[in-house]
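Asker: Okay, here's the structure, questions in a sec.
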Amino acid sequence: MHYEAIVIGVSSGGMKAMKIMFSLLPKNFSTPIIIVQHISAHSDTQWIKLLNDESNLSIKEADEKEKIEKGNVYIAPPNYHLLIEKDKTFSLTIDERVNYARPSIDVLFESAAEAYKNKLIGIILTGSNNDGTKGMKRIQECGGLTIAQDPATAESRYMPASVIAAMQVDYVLPLNDIIALLIEITQPQAHK
Amino acid sequence: MRDIDTTELEISLLLEAVYQKYGYDFRQYSEAHIKRRIMNSRAMSGLENISQMQSKVLNDEAFASKLLQDLSITVTEMFRDPAFYRSIRENVIPVLKTYPFIKIWHAGCSTGQEAYSMAIIMQEEGLYDRTTIYATDFNQLALSHAKEGIFSNSMMKEYTTNYQLSGGKESFSGYYTSSYDNVIMNQSLKKNIVWANHNLVTDSVFAEVQLILCRNVLIYFNRNLQNKVQRLFYDSLVNGGILCLGSKESLRFTDLNEDYTEVDKKQRIYKKDY
Ligand SMILES: C[S@@+](CC[C@H](N)C(=O)[O-])C[C@H]1O[C@@H](n2cnc3c(N)ncnc32)[C@H](O)[C@@H]1O
């Protein structure tokens with residue numbers, strides 16, 4: 001299966017999880033990754049710079065109407081919802097909060113599911129609310145692959161647990177194994 | 001049979017019906033956004049599919065106005081993005097001061113918070129008596145709310161913080177009177193604001209102004225429509241006039257990128273070239 005994009009939702013405990021994730025993903029990891037991290041409306045982009053400095057991949061804030069390119073990691077800006085259009089560009093909105101969150105994981109995931117159908121991987125990591133559960137369901141309905149962090153290994157167990165309770169997730173794994181799986185299924189040639 | 005997504009076809013037919021019957025043109029709004037709003041409206045309405053919504057829109061005016069409300073996002077704040085207003089004070093006010101009469105256009109003013117914020121700044125800078133603020137939106141309900149100038153008391157804490165962060169030095173509570181759960185903005189702020197219904201997609205230039213603020217409206221439009229509306233702004237600005245966009249909007253992807261000079265890149269403030 002040739003996956004074209006990965007969407008990740010992460011909330012409390014997310015900084016640490018993302019640091020680990022980006023230290024493990026190799027430089028040649030080319031499938032674009034799009035992330036909603038719940039974050040305060042007034043936070044600046046300093047943390048993205050820090051994350052980018054420590055990572056093998058190029059990490060940036062998603063811009064309005066920007067085209068999604070291979071090899072990039074995009075993060076939803078604070079205080080905006082991030083959506084993906086059918087032509088694989090980003091839209092931003094300031095619609096009401098969803099699940100008390102803006103950006104909301106559900107908003108990104110639902111639009112990504114429609115845009116990428118079965119070429120999408122959806123991942124829910126640590127967090128202490130249930131944003132992302134509806135989005136994961138939608139990804140599955142559209143034929144995408146779903147992965148949740150094993151709640152027992154997550155800093156905050158509630159968010160992945162909520163997904164697991166609501167649906168039959170394809171994989172439930174600790175973070176390290178999620179990364180290994182991603183490398184395996186998106187870059188099969190490297191393993192032959 | 002052609003390979004067409006039924007939902008998408010239904011959405012485009014619904015938008016066509018809204019446009020032909022009521023004149024509101026959402027056909028070039030961001031598709032993912034419109035789809036999300038329509039799916040939500042459908043779920044709330046209890047109707048089975050979007051085709052049923054289309055029939056109801058055409059025959060039931062109350063349902064149609066409800067849908068129009070659902071498609072118009074009126075989320076706003078006073079002094080939203082305080083750093084932006086600080087830049088207005090520092091970089092834009094000196095330009096405005098050079099004009100004997102100042103005309104400002106807030107396009108997509110929603111319930112008015114942005115226009116009242118601007119009126120406060122103009123008053124503090126001693127310019128308000130020679131200023132007219134045109135505040136426009138296509139959402140009549142939002143406009144009526146704006147005109148009343150009555151806001152929930154519960155928002156004032158956030159607005160006050162924003163005001164202070166934006167460089168405001170007065171007591172913010174001096175700009176309104178509280179009564180029970182609400183506040184009402186001072187008449188002295190309202191007096192030079194002209195509220196008007198204007199649709200950026202279907203209406204044309206209505207005044208020549210020195211400053212346009214259109215924040216968090218264009219993000220809802222596709223690139224083609226953004227270009228069209230940017231042309232309207234360009235034609236409405238005097239030479240040397242100032243255009244302010246939302247913190248995530250820019251001229252970068254538009255045809256008019258070369259016709260403006262950046263005043264404050266981060267705060268998305270641009271000056272029309274002479
Ligand atoms: C999210 S609000 C932004 C309010 C304010 N400018 C701010 O940034 O806080 C967007 C506003 O744009 C208005 N709008 C959307 N499409 C429009 C159109 N075609 N013509 C005029 N106003 C429009 C909506 O009714 C809504 O009030």
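Asker: Under a point-charge model restricted to the Cβ atoms of Lys and Arg (+1) and Asp and Glu (-1), what is the dipole moment magnitude of the stretch A:1-151 relative to its Cα centre, in debye to the nearest 20?
Answerer: Numbers: 17 positive and 19 negative charges, 63 e Å.
Its charge dipole is roughly 300 debye.
Asker: Take the Cα gyration tensor of the stretch B:6-71, multiply each eigenvalue by 5, square-root it, and list the three semi-axes largest first, rounded to whole angstrom. Can you show the working numbers first?
Answerer: On the way: eigenvalues 43, 40, 25 Å².
The answer is 15, 14, 11 Å, longest axis first.
Asker: Given a 1.4 Å probe and no ligands, DNA or RNA in the count, how much accessible surface is buried by A and B, both sides, to the nearest 100 Å²?
Answerer: Working: alone 8980 and 13680 Å², together 20480 Å².
For A against B, buried area totals roughly 2200 Å².
Asker: Could you check which residue among A:Leu25, A:Leu82, A:Leu108 shows the biggest mean-square fluctuation in a GNM of chain A with a 10 Å Cα cutoff?
Answerer: Greatest mean-square fluctuation among the candidates belongs to A:Leu25.
Asker: Find the centroid of the Cα atoms in the stretch A:37-108 and in the stretch B:7-79, then give the distance between the two in whole Å.
Answerer: Computed from Cα coordinates, the inter-centre distance equals 26 Å.
Asker: Work out the P(r) tail for the stretch A:10-164: percent of alpha carbon pairs separated by more than 22 Å, whole number. Numbers along the way, then the final one.
Answerer: Details: 4334 of 11935 pairs.
Here the long-distance tail beyond 22 Å is 36 percent of all Cα pairs in the stretch A:10-164.
Asker: Out of the stretch B:9-109, which chymotrypsin sites (Phe, Trp or Tyr not before Pro) are coil in DSSP terms and have no more than 12 other C-beta atoms within 10 Å? Working shown, then result.
Answerer: Numbers: sites: B:Tyr19, B:Tyr22, B:Tyr24, B:Phe26, B:Tyr29, B:Phe63, B:Phe79, B:Phe84, B:Tyr85, B:Phe101, B:Trp105; in loops: B:Tyr24, B:Phe26, B:Phe79, B:Phe101.
Answer in residue order: B:Phe101.
Asker: Could you name every residue in the stretch A:82-106 that has 40 Å² or more less accessible surface in the full protein assembly than in its own chain alone (probe 1.4 Å, ligands and nucleic acids excluded)?
Answerer: A:Leu83, A:Glu85, A:Lys86, A:Leu92, A:Ile94, A:Asp95, A:Glu96
Asker: Moving on. Quick one: Cα convex hull volume of the stretch A:103-192, Å³ per residue? It would help to have the intermediate numbers written out before the result.
Answerer: On the way: hull volume 8.3 nm³, N = 90.
Per-residue hull volume (Cα only) is 92 Å³.
Asker: I've got another one for you. For the stretch B:82-157, run through the trypsin sites (Lys or Arg not before Pro) and keep only the ones in DSSP coil with at most 13 other Cβ atoms within 10 Å of their Cβ. Could the numbers behind the result be given before it?
Answerer: Working: sites: B:Arg86, B:Arg89, B:Lys97, B:Lys103, B:Arg130, B:Lys147, B:Lys157; in loops: B:Lys97.
In loop regions of the stretch B:82-157 (DSSP not H, G, I, E or B), the sparsely surrounded trypsin sites (Lys or Arg not before Pro) are B:Lys97.
Asker: Nearest 10 degrees is fine. How inclined is helix B:61-71 to the longest principal axis of chain B, computing both from alpha carbons?
Answerer: 60
Asker: Let me ask something else. With chain A treated as a Gaussian network of Cα nodes joined by springs under 10 Å, which of A:Ile35, A:Ile123, A:Ile179 yields the largest mean-square fluctuation?
Answerer: Comparing A:Ile35, A:Ile123, A:Ile179 in a Gaussian network model of chain A, the most mobile one is A:Ile179.
Asker: Provide the three semi-axes, in whole Å and in decreasing order, of the ellipsoid equivalent to the stretch A:57-119 as defined by the square roots of 5 times the Cα gyration tensor eigenvalues. Before the final figure, lay out the partial values.
Answerer: Working: eigenvalues 67, 41, 20 Å².
Computed over the stretch A:57-119, the values are 18, 14, 10 Å.
Asker: Defining a contact as two alpha carbons under 8 Å apart and six or more residues distant in sequence, what relative contact order in percent does chain B show? Intermediate results must be reported in sequence, preceding the final value.
Answerer: Details: 407 pairs, mean separation 47.7, N = 274.
Averaging sequence separation for qualifying contacts and normalising by length gives 17 percent for chain B.
Asker: When the accessible area of each residue in the stretch B:19-41 is compared between its chain alone and the complete protein assembly (1.4 Å probe; ligands, DNA and RNA ignored), which residues differ by at least 10 Å², being lower in the assembly?
Answerer: Those residues are B:Ser30, B:Glu31, B:Ala32, B:His33, B:Lys35, B:Arg36, B:Arg37.
Asker: If you don't mind, another one. Using a probe of 1.4 angstrom, how much of the accessible area of the stretch B:82-272 is carbon and sulfur, in percent?
Answerer: Working: 3820 of 7970 Å².
Roughly 48 percent of what the probe reaches on the stretch B:82-272 is carbon or sulfur.
Asker: Expressed in nm², what is the orientationally averaged projection area of the convex hull enclosing the Cα positions of chain B? Each step should come with its number before you reach the end.
Answerer: Values: hull surface 64.3 nm².
Result: 16.1 nm².
Asker: Principal axis lengths of the stretch B:195-274 from Cα atoms, whole Å, largest first?
Answerer: Largest to smallest, the principal-axis extents are 30, 25, 22 Å.
Asker: Of the cross-linked pairs A:Lys67/A:Lys119; A:Lys70/B:Lys35; B:Lys66/B:Lys228, which ones have a Cα-Cα span greater than 24 Å in the structure shown? Write down the numbers at each step before the final one.
Answerer: Numbers: A:Lys67/A:Lys119 17 Å; A:Lys70/B:Lys35 26 Å; B:Lys66/B:Lys228 27 Å.
The answer is A:Lys70/B:Lys35; B:Lys66/B:Lys228.
Asker: With a Förster radius of 30 Å, plug the Cβ-Cβ distance of B:Tyr22 and B:Asp235 into 1/(1 + (r/R0)^6) and report the FRET value to the nearest 0.05. Walk me through the numbers on the way to the answer.
Answerer: Values: r = 26 Å, r/R0 = 0.87.
Efficiency, from the Cβ-Cβ distance: 0.70.
Asker: With axes computed from alpha carbons, what is the tilt in degrees of helix B:113-124 against the longest principal axis of chain B, rounded to the nearest 10 within 0 to 90?
Answerer: 10
Asker: Charges at C-beta only: +1 for Lys and Arg, -1 for Asp and Glu. How large is the resulting dipole of the protein assembly as shown about its Cα centre, in Debye rounded to 20? Write down the numbers at each step before the final one.
Answerer: Working: 50 positive and 56 negative charges, 78 e Å.
Dipole of the protein assembly as shown, to the nearest 20 debye: 380 debye.
Asker: Rounded, prolate or oblate: which fits the stretch A:22-64 when a ≥ b ≥ c are the square roots of the eigenvalues of the alpha-carbon gyration tensor, with rounded for a/c under 1.5 and prolate only if a/b beats b/c? Before the final figure, lay out each step's value.
Answerer: Numbers: a/c = 2.29, a/b = 1.66, b/c = 1.38.
Note, shape of the stretch A:22-64 comes out prolate.
Asker: Going from the alpha-carbon gyration tensor of the stretch B:33-88, what semi-axes, largest first and in whole Å, does one get by taking the root of 5 times each eigenvalue? Before the final figure, lay out each step's value.
Answerer: Working: eigenvalues 233, 27, 12 Å².
With the √(5λ) rule applied to the stretch B:33-88, the semi-axes are 34, 12, 8 Å.
Asker: How much area per residue is accessible in the protein assembly as shown when the probe is 1.4 Å and only protein heavy atoms are counted (Å²)?
Answerer: Details: 20480 Å² over 466 residues.
Counting only protein heavy atoms, the per-residue value for the protein assembly as shown is 44 Å².
Asker: Looking only at B:Gly46, B:Gly23, B:Gly149, which one moves most when chain B is put into a Gaussian network model with springs between Cα atoms under 10 Å?
Answerer: B:Gly46
The values are calculated or read from the model by the stated rules, or taken from the named source; none is laboratory data. Here the structure is a predicted model, which means the values were calculated and not measured. No Cβ is skipped: glycine too gets one built from the backbone with ideal geometry, and neighbour counts run over all protein chains shown. With ligands, DNA and RNA removed, areas are computed over all heavy atoms of the protein, side chains included. Shrake-Rupley method; radii C 1.70, N 1.55, O 1.52, S 1.80 Å.
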